[in-house]
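J.: Please find one structure pasted underneath; my questions will follow.
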Amino acid sequence: MPGRLKSPVRLRQDRLVTMRDLDAGELDRLLVRGRELFEGQPAEQFQGAVATVFYENSTRTRNSFQEAGRRLGLDTLQVGREGSSIQKGETLEDTLHTLRALGAVIAAVRTPEPGALAELPDVGIPLVNAGDGWRQHPTQALADLLAVRLAGREIQGARLLIVGDILHSRVARSAADGFAMLGAEIYLAGPPTLLPPGLAPALGARLVTLEDGLREADLVMVLRLQQERMERGYLPSLGEYRREWGLTAERLGRLRPDALVLHPGPQNRGVELDAEVIYDPRSLIHRQIACGVAMRAALMEAMLDAR
Ligand code: ASP
């Protein structure tokens with residue numbers, strides 16, 4: 001169709017499970033397109049609905065998939081664990097076929113089970129992993145990369161320090177993959193119970209002390225303590241966690257003056273970071289949320305075009 005607006009991004013696949021499903025070229029082009037959409041360029045328009053299938057809680061991610069869908073002209077269909085037929089034993093696969101029959105042309109899926117989406121047979125529509133347990137949350141990494149670029153920073157050569165509950169964090173895994181793919185160096189710091197030996201090399205990252213990391217980092221990503229994924233014994237107390245590992249207002253003063261702070265949200269104020277940090281001019285936290293809409297729109301536009 002002459003003149004029809006098309007996504008400038010070509011993806012090799014129509015299912016995004018981990019950041020490693022993208023290559024550096026695709027990632028870069030998605031970020032370029034995300035920036036255009038962030039700056040208000042029109043998006044390609046589609047018919048049908050984006051389905052959000054969320055079997056874990058969400059404020060930012062679910063709403064931003066729906067908002068991104070609206071930018072693409074899509075309606076929304078929504079399924080949660082409570083009140084849906086999953087309580088009657090319906091499988092994820094059957095739920096997705098049902099949503100497709102109701103008009104879904106793409107679905108964002110969040111499950112507590114790592115790898116749930118990778119194992120699913122084709123359901124006839126593109127699928128985006130919106131967080132699978134501790135494993136991956138690729139669209140969070142897309143949002144974070146755009147937030148850093150919009151702040152005028154190069155990813156290539158940047159030193160990204162990820163702090164805290166690495167063990168349970170899908171955000172850490174996706175960020176480590178995505179930032180490294182574009183040439184950043186990844187450093188990890190956290191209590192040994194939440195950052196066991198072997199995890200840093202497995203993520204292509206270097207283990208550092210918090211003090212060294214804060215002194216060196218260009219970007220500091222603070223993680224939420226994933227208390228819902230913890231059994232007993234990981235932490236002595238929340239107060240002690242803050243003292244040892246929290247990005248307190250005092251520690252913020254030890255960062256490089258031009259360092260930027262990220263947190264995927266939701267924050268445990270007064271635990272992994274102090275409230276002052278959230279609203280500090282160096283914090284990208286609210287920008288990350290806005291970038292999530294633009295990047296999810298860029299991603300879904302490209303995936304829908306590939307069909
Ligand atoms: N919102 C992010 C996630 O769903 C981070 C978090 O919950 O800590 O993974």
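J.: Within the set of pairs 6 or more residues apart or between chains, which connect a residue that is within 16 Å of Glu228 (Cα to Cα) inside segment 253-271 to a residue that is within 16 Å of the ligand (Cβ to nearest atom) and of a type in the set (Phe, Trp, Tyr) with Cβ atoms less than 9 Å apart?
T.: Hits for this filter: Val271/Tyr241.
J.: Quick check: anything in segment 71-89 small (Gly, Ala, Ser), closer than 20 Å to Val9 by Cβ and out of contact with any Asp or Glu (no Cβ under 9 Å at 6 or more places or on another chain)?
T.: no
J.: In addition: Within segment 23-38, is there a residue that is of a type in the set (A, V, I, L, M, F, W, C), in contact with a Cys (Cβ under 7 Å, 6 or more places away or on another chain) and either at pLDDT 95 or above or more than 30 Å from Glu119 (Cα to Cα) (or both)?
T.: Yes, segment 23-38 has at least one match.
J.: Here are some conditions: (1) in a loop (DSSP other than H, G, I, E, B); (2) under 30 Å from Arg71 (Cβ atoms); (3) under 21 Å from the mean Cα position of the chain (by Cα). Leu225 meets all but one. Which one does it not meet?
T.: So the condition that Leu225 fails would be (2).
J.: For the list (1) in a helix (DSSP H, G or I); (2) open to solvent by 10 Å² or more (accessible area, probe 1.4 Å), I need the number of the one condition that Pro257 fails.
T.: Here Pro257 clears every test but (1).
J.: Right, something else. Only one of (1) assigned to a loop (DSSP other than H, G, I, E, B); (2) modelled with pLDDT under 95 fails for Ile86. Which number is that?
T.: Of the numbered conditions (1) assigned to a loop (DSSP other than H, G, I, E, B); (2) modelled with pLDDT under 95, the odd one out for Ile86 is (1).
J.: In addition: Among the residues of segment 233-249, is any part of a loop (DSSP other than H, G, I, E, B) and open to solvent by less than 10 Å² (accessible area, probe 1.4 Å)?
T.: Yes, the conditions are met somewhere in segment 233-249.
J.: If you don't mind, another one. Any residue in segment 62-74 that's open to solvent by 10 Å² or more (accessible area, probe 1.4 Å): show its pairings with residues that are at pLDDT 95 or above at Cβ separation under 6 Å, as long as the two are six or more apart or on different chains.
T.: Close Cβ pairs (under 6 Å, with a partner that is at pLDDT 95 or above) amount to Arg62/Thr52; Arg62/Phe54; Gln66/Thr76; Glu67/Val293; Arg71/Ala43; Arg71/Ala297; Gly73/Gln45; Gly73/Phe46.
J.: Another one. Hey, could you check segment 167-202 for residues that are open to solvent by 20 Å² or more (accessible area, probe 1.4 Å) and assigned to a loop (DSSP other than H, G, I, E, B) and say which is farthest from Gly133 (Cα to Cα)?
T.: The residue in question is Gly183.
The values are calculated or read from the model by the stated rules, or taken from the named source; none is laboratory data. Computed from a predicted structure; not experimentally measured. Every residue, glycine as well, gets a Cβ built from its backbone with ideal geometry; the counts of neighbours run over all protein chains shown. For accessibility, only protein heavy atoms count, side chains too; no ligands or nucleic acids. Shrake-Rupley method; radii C 1.70, N 1.55, O 1.52, S 1.80 Å.
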